[in-house]
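Below is one structure, written out as structure tokens, with a few remarks after it.
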């Protein structure tokens, strides 16, 4: 049995299933910058509500390295997004970790300036947009922490192994999320399927246990009877 996701087109008349062909971005002539544009336009591709504040940012003081995308999540964390086209390579996680370390001391003012430059906004407009995006309704927690999203069609075992280890060591905080983006072609139509590989989804939604409220009620009744 294949564990790989599959996509089918259903003919409404014959009810026949036609398997849609998985392809590579390279075969379609698509570059990483195209994926960047899709994420900027719709962060749902990454399964997250993100406000992109910078694209191909390289304004660091001691290196000319360039990160793909920088975003803010509703909790105020900076999200370093590293995109690879058809294969992550063995060092995508290391690249992103470096960028996170470079940005850990970024100030609110610097992040506001990034967004203003990225979207051609005034400073006050950028502040308003960030404030609206934050669940707290203020910039107080902006960049209180950082996390990483890696997105690729395929991932090297070196990357996924490191991501699983780092998440396990972070005591409940998922530092790295790995998103698989798979392109499918059906004639002239192009489809994208996004899937969270890491963190691995838990089994809780698929199991049944005694309700917490029932357990608490039973315990309270037993204590009352003993009294």
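The values are calculated or read from the model by the stated rules, or taken from the named source; none is laboratory data. Since we're looking at a predicted model, the values are computed, not measured. When we count neighbours, we look across all protein chains shown, and the Cβ atoms used for this are built from the backbone with ideal geometry, even at glycine.
General remarks:
- Matching residues, the range 66-93, being surrounded by fewer than 19 Cβ atoms within 10 Å (Cβ to Cβ), out of contact with any helix residue (DSSP H, G or I) (no Cβ under 7 Å at 6 or more places or on another chain), farther than 13 Å from residue 141 by Cα and touching a residue at least 24 places away in the same chain (Cβ under 8 Å): 87, 89, 91
- Residue that is nearest to residue 180 (Cα to Cα), among those in the range 1-33 that are part of a loop (DSSP other than H, G, I, E, B) and in contact (Cβ under 8 Å) with a residue 24 or more places away in the chain: 5
- The lone exception for residue 134 - which of (1) in contact (Cβ under 8 Å) with a residue 40 or more places away in the chain; (2) surrounded by fewer than 21 Cβ atoms within 10 Å (Cβ to Cβ); (3) touching a strand residue (DSSP E or B) at 6+ places or on another chain (Cβ under 6 Å) it fails: (3)
- Residues of the range 49-59 that are in a loop (DSSP other than H, G, I, E, B) and either buried (at least 18 other Cβ atoms within 10 Å of the Cβ) or free of Cβ contacts under 8 Å to residues at least 24 places away in the same chain (or both): 50, 58, 59.
- The set of residues from the range 109-141 being part of a loop (DSSP other than H, G, I, E, B) and either touching a helix residue (DSSP H, G or I) at 6+ places or on another chain (Cβ under 8 Å) or within 27 Å of residue 173 (Cβ to Cβ) (or both) comprises 121, 122, 134, 135, 136, 137, 138, 139, 140, 141.
- Residue match in the range 68-91 (condition: part of a strand (DSSP E or B) and either farther than 23 Å from residue 121 by Cα or at pLDDT below 95 (or both)): yes
For every residue, the table says whether it meets (1) part of a loop (DSSP other than H, G, I, E, B); (2) in contact with a strand residue (DSSP E or B) (Cβ under 7 Å, 6 or more places away or on another chain); (3) surrounded by 20 or more Cβ atoms within 10 Å (Cβ to Cβ).
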position	(1), (2), (3)
143	yes, yes, no
150	no, yes, yes
155	yes, yes, yes
159	no, yes, yes
177	no, yes, yes
181	no, yes, yes
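- Test for residue 36: is it in contact (Cβ under 8 Å) with a residue 12 or more places away in the chain, part of a helix (DSSP H, G or I), at negative phi and in contact with a strand residue (DSSP E or B) (Cβ under 7 Å, 6 or more places away or on another chain): yes
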